[in-house]
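Just below is one structure, and these are the notes that go with it.
Taken together, the values in this text are just the output of simple stated rules run on the coordinates, not laboratory data. Remember, predicted model here, so these are calculated numbers, not experimental data. Quick reminder, even Gly has a Cβ in these numbers, built from the backbone with ideal geometry, and neighbours come from all protein chains shown.
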């Protein structure tokens, strides 16, 4: 009897602990963590472009004939064009998520730019006011 009671108690505790792991939530936080169609297309784009690079490498190494390379490259190029078109369609829509992604990408691009020092030509991050190499003042 005690074994049955302890087994039921253990099963109940395990069910209570594991329930959040398997329950589907419709909260905004869970929606943020889910992969969107745009994310899937971006991953597919990376895979297709990587496959094109691999195909070119194999051809340059002499492992593929010119005919096979041309046929494979045409297939992969068509697939890449379809993926690019789908990404453009999503990004050109008036979807708020797409607008946010474009804004974040443009801000990351602006932050990633470096400023060349007028004195020594050293590339400095945009947040620097003075050159990290020679110490001269950078233009805003």
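Side notes on the structure shown:
- Sequence of 139, 1 once ranked by neighbouring C-beta atoms within 10 Å, starting from the fewest: 1, 139
- Cα-based shape type of the range 35-111, given that a ≥ b ≥ c are square roots of the gyration tensor eigenvalues and the cut on a/c is 1.5: prolate
- At an R0 of 30 angstrom, the distance between the Cβ atoms of residue 134 and residue 106 translates into a FRET efficiency of 0.45.
- Using R0 = 41 Å, the C-beta based FRET efficiency linking residue 92 and residue 19 works out to 0.50.
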